[in-house]
Amino acid sequence: MSKLGNLGARLHRGEVGYDFVGKRKIWYGVSILITITAIVGLVVRGLNMGIEFQGGAVFTTPKTSASVAQAETYGREASGHTAVVQKLGTGGLRIQIAGIDTGKSDQIKDELAKDLNVPSEQINADLVGPSWGEQIANKAWEGLAIFMVLVVIYLAIAFEWRMAVAALVALIHDITITTGIYALVGFEVTPGTVIGLLTILGYSLYDTVVVFDSLKEQTKDITKQTRWTFSDVANRSINSTLVRSINTTVVALLPVAGLLFIGGGFLGAGMLNDISLSLFVGLAAGAYSSIFIATPLVADLKEREPQMKALKRRVLAKRAQAAEAEPAGVPAEDGSGAEEPEDAAPAVVGQRSQPASRNRGRGRPSGKRR
């Protein structure tokens, strides 16, 4: 078995683990800092909305000797707006100018034809009205709102309302970070961006539900024992699904990274950036939020309940009793009168559980006569 597979098996059995829930204040602080940075980026720089949302025109030219930089200058001088230019495989150019009055498209086309030294009738102009772009934007927001409502209803029914709230916070966290990075980087926001955003929300929700399902299973009748608090069990749930979450995230990120860094960056296929950046950032943020935000937040909310507070007091009292009795060699007992092993807390990284049978019979006579 590989080292990662062996680690995953040990994490699943609870032999090793990392205290994610115990260090939740650190993760909350990191998330708040990243979220504030994203919000500042949105406020200061804003989103670079594509032509589909602002309206404008796309001019496609035949083969020309003009460079992309020259075409950007020609487009800006002809329209008074920033032009986004891409080189086509045919040798022509795709000149996109957002925010212009579509009634001036013929005038802009004539000036581009003169500057590029191509016939005006060979330049194709596709116009997008601002009302159509506004309709697309409104539909995108409506789809996002409906998605959020359905997620909350489903999680509240399948699990409980605290898990639904935690998942909603994690999703908002992912959306804010992704849109903030779009503002900071300056990539264009297109319908492909919206598709990518909704896709990564599904991935984020999948990771969160996997952990919640494990948590729900392990917390059945939790108040009938005195070994584990809710936070302890939540931490074990994260660790038991950790390797699965890492594997699925890495496998999903690899092809997206190819689109973003090779297709969009190295090869210059800029149209891939709009969807690949949202997928790349969103997948990473979704994996982070499902581990470091959603489950620790559920533990915080659950341990505000009177039953969980009482359970935590009993567990801590039992551990204190076991710590006092250990030097004297007196075994601790739970409420049922049965003895419990010494490892009264979940294992953490670097610790190994010792089998109780290792020293069994040591020092006793074997029963054989000499």
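The values are calculated or read from the model by the stated rules, or taken from the named source; none is laboratory data. The shown structure was predicted, so the numbers you read here are calculated from the model rather than taken from an experiment. Here the Cβ is made from the backbone with ideal geometry for all residues, glycine too, and neighbour counts use every protein chain on show. We work out accessible area using only protein heavy atoms, side chains counted, and drop any ligands, DNA or RNA first. Shrake-Rupley method; radii C 1.70, N 1.55, O 1.52, S 1.80 Å.
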Selection from the stretch 51-70 of residues in contact with a helix residue (DSSP H, G or I) (Cβ under 7 Å, 6 or more places away or on another chain) and small (Gly, Ala, Ser) yields Gly55, Ala57, Ala66
Of those in the stretch 163-195 that are open to solvent by less than 30 Å² (accessible area, probe 1.4 Å) and either assigned to a strand (DSSP E or B) or among the charged types (D, E, K, R) (or both), the residue nearest to Gln96 (Cα to Cα) is Val189
Here the residues within the stretch 71-102 that are free of Cβ contacts under 8 Å to residues at least 12 places away in the same chain and either in contact with a helix residue (DSSP H, G or I) (Cβ under 8 Å, 6 or more places away or on another chain) or of a type in the set (Val, Ile, Thr) (or both) are Thr73
Scanning the stretch 196-213 residue by residue, the ones that are within 14 Å of Tyr288 (Cα to Cα) and either of a type in the set (S, T, N, Q) or not in a helix (DSSP H, G or I) (or both) total 2
Among (1) at pLDDT below 80; (2) over 30 Å from Ala284 (Cβ atoms), His81 falls short only on (1)
Listed by first then second residue, the pairs whose first member lies in the stretch 114-135 and is within 22 Å of Thr61 (Cβ to Cβ), whose partner is of a type in the set (A, V, I, L, M), with beta carbons under 6 Å and at least 6 positions apart or on separate chains, are Leu116/Ala66; Ser120/Ala113; Ile123/Ala113; Ala125/Ala57; Asp126/Val58; Leu127/Ala57; Val128/Ile51
Per the filter on the stretch 262-284, residues out of contact with any strand residue (DSSP E or B) (no Cβ under 8 Å at 6 or more places or on another chain), open to solvent by 10 Å² or more (accessible area, probe 1.4 Å) and modelled with pLDDT of 70 or more are Ile262, Ile275, Leu277, Leu279, Phe280, Val281, Leu283, Ala284
Here the residues within the stretch 40-82 that are of a type in the set (A, V, I, L, M) and farther than 14 Å from Ser105 by Cβ are Val40, Leu42, Val43, Val44, Leu47, Met49, Ala66, Val68, Ala69, Ala71
Taking the stretch 1-11 and the residues there that are open to solvent by less than 50 Å² (accessible area, probe 1.4 Å) and more than 19 Å from Trp228 (Cα to Cα), the one that is modelled with the highest pLDDT would be Ala9
